[in-house]
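For reference, the structure is listed below as structure tokens.
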There are 2 protein chains.
Amino acid sequence: MDKLETLTAFSALSQETRLDVFRLLIAAGDQGMLAGEIAQALDVRQNTMSANLSVLLAAGLVRKSREGRAIRYCANTEGLRGMLGFLLRDCCGGRPELCEPLIEDITCSC
Amino acid sequence: MDKLETLTAFSALSQETRLDVFRLLIAAGDQGMLAGEIAQALDVRQNTMSANLSVLLAAGLVRKSREGRAIRYCANTEGLRGMLGFLLRDCCGGRPELCEPLIEDITCSC
DNA sequence: CAAACAATTCAATAATTCATGATATATGGA
DNA sequence: TCCATATATCATGAATTATTGAATTGTTTG
């Protein structure tokens, strides 16, 4: 993850609806949610939600897959991990081996 | 850390100069850096840097302390921790005890 | 193939954010 | 007190971002 990707990810999460979506998808776990379900759960219009989901997708924070005529979205913990990795890369006096294991663990494949 | 604070923190880190500053301060560790040093290191005008430092301060991501006529800024890992905590609060099917220890550890008091 | 449904894209407006120049505040030293 | 240094604030204009209504694409069912 480079600086631009990290900025894009932070920018994506700095908007209320998108933060709500990401947290919802984190809570939903591996099975994710359909776009329509997400819009309904958060009481946001369909096209607004679609635009916000595209932003999260472009930021690498969610993944999508078609399911019949609906589209399923899942949180992409890989993206979150990359973001934290870039942010904290030099946090231990340039010895990343001290922090990287924690960053690996935090993204909850638990 | 509530939703508004989290949004403020993400917003603060979604701007290139501020992301650079935060990473610089993370790397600088406990001793932090003077406002002028930061501006010089990143080649940013004094008033622009001051405005950006205020944003980081308001977001709880840095702390400041006066030192003679200069002002020293340090990364505030507490703020980062809160942000991640809010983001991942429900990541383990509502069993925070699975993730919170990791979130505690990640902010590198190492 | 046509109708219904799910989601996306487009164009336009409204709101927010950013850097800048000028000015102001605060501290230390002569 | 007067000046120099270090940082912060203010007002402005330029650029970016968000939401909306309307139109469009892709999918399933009859």
Filtered residue count, the range B:57-79, keeping only those that are under 26 Å from B:LEU7 (Cα atoms), within 14 Å of DNA strand D (Cβ to nearest atom) and more than 14 Å from chain A (Cβ to nearest Cβ): 6
A:ASP105, sole failed condition from (1) farther than 15 Å from B:LEU88 by Cβ; (2) touching a helix residue (DSSP H, G or I) at 6+ places or on another chain (Cβ under 6 Å); (3) modelled with pLDDT under 90: (1)
Enumeration of residues in the range B:12-21 that are within 10 Å of the chain's Cα centre (by Cα) and either within 13 Å of DNA strand D (Cβ to nearest atom) or more than 17 Å from B:GLU78 (Cβ to Cβ) (or both): B:ARG18, B:LEU19, B:VAL21
Whichever residue in the range A:46-57 is under 16 Å from the mean Cα position of the chain (by Cα) and more than 7 Å from DNA strand C (Cβ to nearest atom) and, among such residues, is least open to solvent (accessible area, probe 1.4 Å): A:LEU56
Those residues of the range B:22-45 which are more than 9 Å from DNA strand D (Cβ to nearest atom), within 15 Å of the chain's Cα centre (by Cα) and not in a helix (DSSP H, G or I), in sequence order: B:GLY32
Residues of the range B:58-86 that turn out to be open to solvent by less than 30 Å² (accessible area, probe 1.4 Å), over 12 Å from B:ALA9 (Cα atoms) and in contact with a Gly (Cβ under 6 Å, 6 or more places away or on another chain), as a count: 2
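The values are calculated or read from the model by the stated rules, or taken from the named source; none is laboratory data. The structure displayed is predicted, hence computed values, not measured ones. Neighbour counts are summed over all protein chains in view; Cβ atoms, including those assigned to glycine, are modelled from backbone coordinates with ideal geometry. Note: accessible area is taken over every heavy atom of the protein model, side chains too, but ligands, DNA and RNA are not part of it. Shrake-Rupley method; radii C 1.70, N 1.55, O 1.52, S 1.80 Å.
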